[in-house]
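Chemist: I'd like to ask you about the structure that follows.
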Amino acid sequence: MAAKQSAGQGSDDAASVATTRVSLTSRGRTFIAVGVILVLTGLALGVQDLQRLGVLLLVLPLPAWWAVRQARSGLRVGHSVSSARVVRGERAEVRVVLSNPQPFGTGPLRVTETVPRGRPLRFSVAGVRGRQHRTVAYPLPALPRGRYAVGPTTVVASDPFGLITAESRSTDTAELIVRPETVPLPALPLPMAWRDGAATMSHSVGAGGSDDASVREYRHGDDLRKIHWRSTARSGGLMVRQEERPWHGESLVLLDTRVGAYPVGGGIYPGGGGSAGALGAESAAFEWAVTAAASIGRHLAERGRRVAVVTGGGQVAHDDAAAILDLTAEVRPALRADVQPLVTALTGLGRESSVFAILAATPKSSVGELLVKPQLPGSAVALLLRPWTWAAGGRDALSETAWHSTADSLRASGWRVLPVEAGDELVELWPTLLTTRPVVLR
């Protein structure tokens, strides 16, 4: 892998390296062995020139050791990434900065860099002059979603003669977050029951168990008629009664992450047994679900709506598009076999709220917990994936039967169900998600 180098002034944000080993090289050991032989031979034969040459070979490692000591005593290593956050499929460039604050230059340096999901990268640097720094840049390959650390770095310093080496290790690292791809969604008007403030002012949270007498701090968008003046006078800040929801609605995006719900190929499910069902394997259906959750959450957040994205593992991100993308960058299939975190997130939502659930239905998964909610919000729509259609096996009669059974149960519980299979585009499904017309299941 080619590396670009440049020299310049020192860097202040680099980390010092800690020397772990100083040793003679094979050349250094050869110098000492030959020096001993020459001294002994010179003494035996009475030849002073041989003795002088032997002493020179024996003494030479000492200035070499001093040069290496100076080279590594103040050497600092720093990392930077061209972009700390990239979209899946994009490549980032890493810059390794080797800084030498000492007045003496270093000898040759051999650098071993720890890179994500790959073999260590090794390259050589001719040296770093005194009070200068040298930058080495290299590209990272396109990485799957996730949070990665670039580094640490091992540096082997050597003297100009190659007699002594000092191996040092820097703990400095740089973080790289690979976010999922998102789909730009058209800014279509939400149905009347979903628009901020279009529902009947506010709705009771009775099903959520709120105490009618409780109060809380005023939030932007709360109905001013609900200000509790006695508590306001006592606390010095605006307080509102909490028996009613805020004036504007909120959105909830639920992402089903159960490990048994998404095949990784050939109908095999991660963690489902067998050598091919590795937990870490990627699933095209799961990536589609993550992209959908990230796209919907980002779209609603950027439009100013109150939105929460909740995963089946219990991870939550609120309102901020950047936080939502960072959350979905790290989400992985969860070992738990139920959707209880998604059910918990539904508790206490007002009728003016909207719910988008990205679920998978297979013979190995069940969403029965979502069917026992006593009351759903004003609008709840489920994108129900047919994950086996992303696998090599294609159509599966048993999976089709299980899918239709799940879809019928959801619809009977008040969900609008939208079928999703391989090849479907979220941008094309979006208008259907925002309608209240029944969806014909195919």
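Chemist: Can you tell me which condition Val94 does not meet? The list is (1) surrounded by fewer than 17 Cβ atoms within 10 Å (Cβ to Cβ); (2) at pLDDT 90 or above; (3) β-branched (Val, Ile, Thr), and all the others hold.
Modeler: So the condition that Val94 fails would be (1).
Chemist: Turning to a different aspect of this structure: Taking the options Arg195, Arg134, name whichever one is modelled with pLDDT of 70 or more, more than 23 Å from the chain's Cα centre (by Cα) and basic (Lys, Arg).
Modeler: When all the criteria are applied, what remains is Arg134.
Chemist: Can you pull out every residue in the range 31-77 that is surrounded by 14 or more Cβ atoms within 10 Å (Cβ to Cβ), under 48 Å from the mean Cα position of the chain (by Cα) and hydrophobic (A, V, I, L, M, F, W, C)?
Modeler: Scanning the range 31-77 gives Ala64, Trp65, Ala67, Val68, Ala71, Leu75, Val77.
Chemist: Where residues in the range 103-117 are among the hydroxyl-bearing types (Ser, Thr, Tyr) and at pLDDT 85 or above, which of them is farthest from Trp66 (Cα to Cα)?
Modeler: Per the criteria, the residue is Thr114.
Chemist: Scan the range 115-131 for residues that are within 30 Å of the chain's Cα centre (by Cα) and hydrophobic (A, V, I, L, M, F, W, C) and jot them down.
Modeler: Val115, Leu121, Phe123
Chemist: Also, quick follow-up: So which residues in the range 88-114 are of a type in the set (A, V, I, L, M) and either more than 13 Å from Tyr148 (Cα to Cα) or over 24 Å from the mean Cα position of the chain (by Cα) (or both)?
Modeler: Once the filter is applied, which keeps residues that are of a type in the set (A, V, I, L, M) and either more than 13 Å from Tyr148 (Cα to Cα) or over 24 Å from the mean Cα position of the chain (by Cα) (or both), the range 88-114 yields Val96, Val97, Leu98, Leu109, Val111.
Chemist: In the range 320-354, which residue that is within 23 Å of Arg88 (Cβ to Cβ) and of a type in the set (Asp, Glu) is nearest to the chain's Cα centre (by Cα)?
Modeler: Glu330
Chemist: Determine, yes or no, whether Val115 is more than 24 Å from Pro160 (Cβ to Cβ) and either touching a His at 6+ places or on another chain (Cβ under 8 Å) or not in a loop (DSSP other than H, G, I, E, B) (or both).
Modeler: Here the answer is no, as Val115 does not meet what is asked.
Chemist: Mind checking whether some residue in the range 282-291 is buried (at least 23 other Cβ atoms within 10 Å of the Cβ), at pLDDT below 85 and within 21 Å of Val420 (Cα to Cα)?
Modeler: Yes, the range 282-291 contains a residue that is buried (at least 23 other Cβ atoms within 10 Å of the Cβ), at pLDDT below 85 and within 21 Å of Val420 (Cα to Cα).
Chemist: Mind listing whichever residues of the range 27-84 are of a type outside the set (Gly, Ala, Ser) and in a strand (DSSP E or B)?
Modeler: Scanning the range 27-84 gives Arg76, Val77, His79, Val81.
Chemist: Kindly list, by first and then second residue, each pair from a residue in the range 169-181 that is closer than 14 Å to Ala322 by Cβ to a residue that is polar (S, T, N, Q) and buried (at least 17 other Cβ atoms within 10 Å of the Cβ), limited to pairs with Cβ atoms under 9 Å and residues at least 6 apart or on different chains.
Modeler: Cβ pairs passing all conditions: Arg179/Thr328; Pro180/Thr291; Pro180/Ser295; Pro180/Thr328.
Chemist: In addition: Restricting the search to the range 314-349, which residues are at pLDDT 85 or above, in a loop (DSSP other than H, G, I, E, B) and surrounded by fewer than 16 Cβ atoms within 10 Å (Cβ to Cβ)?
Modeler: Asp320, the sole residue that qualifies.
Chemist: So, one more: In the range 11-30, is there at least one residue being loosely packed, with under 13 Cβ neighbours inside 10 Å, farther than 29 Å from Pro101 by Cβ and modelled with pLDDT of 80 or more?
Modeler: Yes, that holds for at least one residue.
Chemist: Find the strands (runs of 3 or more DSSP E) located wholly in the range 132-172 whose residues include 2 or more that are under 29 Å from Arg27 (Cα atoms), assigned by TED's automatic domain parsing to the domain that holds Arg88 and among the aliphatic types (A, V, I, L, M), and list them.
Modeler: 153-158, 164-170
Chemist: Give the residue that is surrounded by the fewest Cβ atoms within 10 Å (Cβ to Cβ), with candidates limited to residues of the range 206-255 that are modelled with pLDDT of 70 or more, among the charged types (D, E, K, R) and over 30 Å from Val381 (Cβ atoms).
Modeler: Going through the qualifying residues, I end up with Arg230.
The values are calculated or read from the model by the stated rules, or taken from the named source; none is laboratory data. Just so it is clear, the model here is predicted, and its values are computed rather than measured. Here Cβ is always computed from backbone atoms with ideal geometry, including for glycine, and neighbour counts include all displayed protein chains.
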